[in-house]
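These notes are about the structure you will find just below.
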Amino acid sequence: MRSINISLMFGVAALSALLGTGSFIVGFGNFSASAAASISLTGLSLLSVAHAMLALKSQTKKASSQFIALLLYAISAISGTLACSSAGLIPYTMESMQLSFVQSLDYVWRPILICGAISISAYIAAHIHVKQKNKALAQISSASA
């Protein structure tokens, strides 16, 4: 299950990076229209790499532990993508409603704050989970030696 998690996370990171790059290139002429997609895919790619690196540090191979890591990754990826896409709406809001940056930020600060906090909390929980499992495995191996 650990190798599946790592493969899934790196696969999502690679696919979202390619799609984000494609979205940026296609929308180069009209950045405000493609910013939300480009930024959300870039955010998903970065979150996936961060969770994959965390999964690589994990020494446990128990299915329940890996399922918790996958669940926390899914929560972090979904909420982080929502936060990034909300941030990507700022240029579109500025252009379509003829607002300044601060005025357009007033429309999207709540989803950015809430979804970003959920995403960060899920990553911190995954980090704590991996640390505890690695510490427990180290204690077990030192006790049996």
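Laboratory data are not the source of any read-out in this text; all were calculated from the coordinates shown. Please read these numbers as outputs of a predicted model, since none were measured by experiment. In this analysis, Cβ positions are derived from the backbone assuming ideal geometry, glycine residues included, and neighbour counts consider all displayed protein chains.
Applying 1/(1 + (r/R0)^6) with R0 = 30 Å to the Cβ-Cβ distance of MET53 and ARG110, what FRET efficiency is obtained, to the nearest 0.05? Computed FRET efficiency for MET53 and ARG110: 0.50. Region 26-140: percent of C-alpha pairs farther apart than 26 Å? Counting pairs separated by more than 26 Å, the tail of P(r) holds 33 percent.
Springs join every pair of Cα atoms under 10 Å in this Gaussian network model of the chain, and among GLY80, GLY43, GLY22 the largest mean-square fluctuation is at GLY22. Over the chain, Cα pairs under 8 Å with separation of 6+ residues give a relative contact order of 28 percent.
Comparing SER16, SER104, SER64 in a Gaussian network model of the chain, where Cα atoms under 10 Å apart are tied by springs, the biggest mean-square fluctuation is seen for SER64. Once both labels are positioned 7 Å from their Cα atoms along Cα-to-Cβ, the gap between THR21 and GLN139 label points is 4.5 nm. Enter the Cα centre distance for the pair region 100-126 and region 41-91, rounded to the nearest angstrom. What the calculation gives is 15 Å, centre to centre. Between GLN103 and MET1, the distance separating the two model label sites (each 7 Å from Cα on the Cα→Cβ line) works out to 5.2 nm.
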